[in-house]
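Notes follow once the structure below has been shown.
Any read-out appearing in this document is the output of simple, stated calculations on the displayed coordinates, not a laboratory observation. All of these numbers come straight from a predicted model, not from anything done at the bench. FYI the Cβ positions are ideal-geometry reconstructions off the backbone, even for glycines, and counts take in every protein chain you see.
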Amino acid sequence: MNVVSRGIKNATRSPLRGGAIVLMLAISIGLVLSMMVARSSVQTKINDVLASAGTKVTINAAGINGFAGGGNPLTADNVTTIKNTAHVASISSTLTDQLGSTDTNLQSSLELGSFGERQNRFSDGSVPTPPADSTSNGSSTTTDRQTMRSRINVTGTTNPNVASVNGGTLVIGSGKTIDGNSSDLVALIGQNLATKNNLSAGSTFTAYGKTITVNGIYSTDNSFTDNGIIMPLATVQNLTGQPGAVTSVVATIDSSENVDSTVSALKSKLGSSVDVTSEAAQAENSVSALKGIASLSLAGVIGAAIAATAIILLAMILIVRERRREIGVLKAIGGSNFKVIGQFVVESLTITIIGAVVGLALGVLVSGPMTTALASSSSNSSTVIISNGSGSTATVARPAGDFGGFGRGLNQLRTNITNVTASLTPQIFLSAMGITLAVAIIGSLLPAWLIARIRPAEVLRTE
Amino acid sequence: MLAVKNLTKTFNTPGGDVMALRDINFAVDRGQFVSIIGKSGSGKSTLLSMLGALDTPTSGSLEVDGVDLAKLSSRQQTSYRAKTIGFVFQQYNLIPNLSALENVMLALEFGGTKPASRRDEATRLLKQVGLDEQEIQRKPTRLSGGQQQRVAIARAIANSPALILADEPTGNLDSETGQKIFDLLHKLSRSKNTTIIAVTHDLDIAGKTDKTFMLKDGKITTKQ
Ligand SMILES: Nc1ncnc2c1ncn2[C@@H]1O[C@H](COP(=O)(O)OP(=O)(O)OP(=O)(O)O)[C@@H](O)[C@H]1O
Ligand SMILES: [Mg+2]
């Protein structure tokens, strides 16, 4: 028997109360750990989103948003200007168009629905025909003679990946991708559109009076996007009779510090006929909900640590008060303050360590679900646009979800935000242990002081 | 071996100062068995706590083997309590979650006995005070009052102290058991030449000791 073994033995002196203290401590420490995990995971995600969005600048023809709006597309000169602007590392250009039923033998996979009907109430009977000039002369772009069916989206792009909703590589379900820089009559067809029209890789279809070969089928998690056709930019430019025209350019800037200056440079060079927006600013807005979660979980870490300290402090004060006489006896028979205090510190450490082991195990178990729960609640409360998953009402004037523009950025952020994954790194685990240690030390200091103040003469007092 | 001179102890309480001991003077020789009697509140326990360095006097001096207790540092006080003094209390005051054996081993630890020899030494001491092999493994709550006081005595003599201080050691026991405990203390004082100062209410017991002091309102009124 020595100070240490007596301390450990005393920790298990009253199993029920000890168990209750350990349980409360474990819950607080588990909370500390899982809140730390949530915080760091969310922080990592914020950095990811900001970093990935940080260097992209979108240049839209003023008035055109995706497949809707009016105005003139950007010209080949504009594109050259953008390409030659300082700090622009690379660009991908996109020209969007829509096919009505007279332009193609394909049928849209989207039902018109009440939303589509409402959008089509402006119909004046005119319809874009190849080589159409409709997309370039404003008001007629939102028309369709076939009022009972929505139209099919056509994206001509130098980079088919711009259609990917989450900003990554476009998922090609079957077949192969297309070369965005060619001018071949080839296309990638959205999953829904392909199903509706029984298309597969190698099939052909007619559009703009030409026969086009299906290279592959892509799928995204967006019904609107999956009702589309992706072709090389030059092909769409030729088919629609708009050589050099693009509706949107995404420029990647060489480093995030240069984004702001490049945005200003582009604005002054291109004038008011284009809208220049950087995703960085948008991303900043979109992660504000995540930042809220991050500071909330920091408050959680602090709160749980304080709770753990309070629990061990109260428990030790209770124990010291209860064993006042025993402490007096230990001193009276020659126990030094050092030994008597040491014994109680060991007792408090034992309780804290058991609580920590249980609590950290608990934290490891719950940190994943807790992070997911926190992150998904954030995406609901954020300003990100969430489209109707069935796609049944999506049609021409859908505000976001266009290829290559801001909608893509937003969708990317939405996916990112819901994709926060809890990662328990060794550093977090060590920090949690550090906090626990601090809790144990603070939980021992006050009792130590109380013990030192107990007079040994106390034992001679009859109760 | 023990000399008390002009000892005064005053407690400051919210209700005013309480003079527990007033100008106490006495001396005790080595190996003497001294009893202290007096009414409740007369200052008996206070005197013992001064002698045991559990508390410091307000004025006066306490000399044990020529060492003034009032001048000891707190570290020296702790060592004095561990090695020179053995305490026996009315309420036994054994550590409840330690066995009889472990209680005695604890005193040996504080007294500086090497870990390896503590168990054997404690066993020997407990047998000496009359506990059997099985009883020494029990926790205090599973021992009778008389047995607990025997364990307390074994703990008090563990480090061969020069002075045993006992505050009503038989106060919680029936007269027969109390007599046995008293005889045990007496035997120890004879065999090891240990000085014993015991507070008691039992005049029979007091009558058998070498010296008896009577305390009244913090003053010694009779010495015999
Ligand atoms: N810590 C203290 N603070 C204040 N007063 C005290 C303290 N300790 C003792 N006293 C007072 O000193 C006086 C002597 O107390 P003491 O305990 O020495 O009496 P006692 O003779 O041992 O009595 P009993 O036979 O009941 O044990 C009492 O009046 C008591 O109230
Ligand atoms: Mg008393």
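Highest first, please rank the peptides B:180-192, A:320-332 by the mean number of other Cβ atoms sitting within 10 Å of their residues.
A:320-332, B:180-192
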Which helices, counted as full DSSP H runs in chain B, have an axial Cα extent of no less than 15 Å and a Kyte-Doolittle average of -1.0 or above?
B:100-111, B:145-157, B:175-192
What is the average number of partner chain Cβ atoms found within 10 Å of a Cβ in A:453-460?
6
Under the Karplus relation with 6.51, -1.76 and 1.60 and θ = phi - 60°, whole-Hz ³J(HN,Hα) for region A:155-164, x at Gly and Pro, equal 10, x, 8, 7, 9, x, 5, 4, 7, 5
Give B:LYS9/B:LYS216; B:LYS71/B:LYS208; B:LYS5/B:LYS211; A:LYS331/B:LYS187; B:LYS5/B:LYS187 a once-over and call out the pairs whose C-alpha atoms are over 24 Å from each other.
B:LYS71/B:LYS208; A:LYS331/B:LYS187; B:LYS5/B:LYS187
Expressed as a whole number of Å, what is the distance separating the alpha-carbon centroids of region B:106-121 and region A:1-78?
55
So, in Å, what gap is there between the alpha-carbon centers of region B:122-180 and region B:26-49?
21
Could you tell me the center-to-center distance, by alpha carbons, between region A:239-272 and region A:277-354 in angstrom?
55
Which of the trypsin sites (Lys or Arg not before Pro) across region A:56-122 are loop residues per DSSP, with 15 or fewer other Cβ within 10 Å?
none
At 7 Å along the Cα-to-beta-carbon direction for both B:GLN76 and A:SER114, put a label point, then send me their distance in nm to one decimal.
9.7
If amide hydrogens are placed 1.01 Å from N in the peptide plane, which non-local residues have theirs closer than 5 Å to the one on A:ILE253?
A:LYS56, A:VAL57, A:ALA89
Suppose every Lys and Arg Cβ carries +1 and every Asp and Glu Cβ carries -1, with no other charges. What dipole size does region A:252-329 come out with about its Cα centre, to the nearest 20 debye?
720
If amide H atoms are built 1.01 Å from N in the plane of the peptide, which residues on other chains or at least 5 residues away come under 5 Å of the amide H of A:GLY173?
A:ILE217, A:TYR218, A:SER219
When the Karplus curve 6.51 cos²θ - 1.76 cosθ + 1.60 is applied with θ = phi - 60°, which whole-Hz ³J(HN,Hα) does each residue of region B:195-211 get, with x for Gly and Pro?
7, 10, 10, 10, 7, 8, 9, 7, 5, 4, 5, 4, x, 8, 8, 5, 9
A correct Karplus calculation of ³J(HN,Hα) over region B:135-141, with 6.51 cos²θ - 1.76 cosθ + 1.60, θ = phi - 60°, whole Hz and x for Gly and Pro, returns 5, 5, 8, 7, 6, x, 5
Dipole in debye (nearest 20) - the protein assembly as shown, about Cα centre, beta carbon charges: Lys, Arg +1; Asp, Glu -1
3200
Using a 10 angstrom cutoff on alpha carbons, build the Gaussian network for chain B and name the most mobile of B:ILE37, B:ILE196, B:ILE95.
B:ILE95
Where the only charges are on Cβ atoms (+1 Lys, Arg; -1 Asp, Glu), what is the dipole of chain B about its Cα centre, to the nearest 20 debye?
320
Compare B:PHE213, B:PHE110, B:PHE11 in a GNM of chain B, Cα atoms joined below 10 Å, and give the one with the largest fluctuation.
B:PHE11
Between B:GLY86 and residues 5 or more places away or on another chain, which pairs have amide H atoms under 5 Å apart, with H built 1.01 Å from N, and which residues are they?
B:LEU163, B:ILE164, B:LEU165
Would you list which lysines come within 18 Å of B:LYS114, measuring only between C-alpha atoms, while excluding same-chain residues fewer than 8 positions from it?
A:LYS339, B:LYS83
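Based on the Cβ-Cβ distance of B:LYS223 and B:THR141, what FRET efficiency does E = 1/(1 + (r/R0)^6) give at R0 = 41 Å, to the nearest 0.05?
Values: r = 40 Å, r/R0 = 0.99.
Computed FRET efficiency for B:LYS223 and B:THR141 comes out at 0.50.
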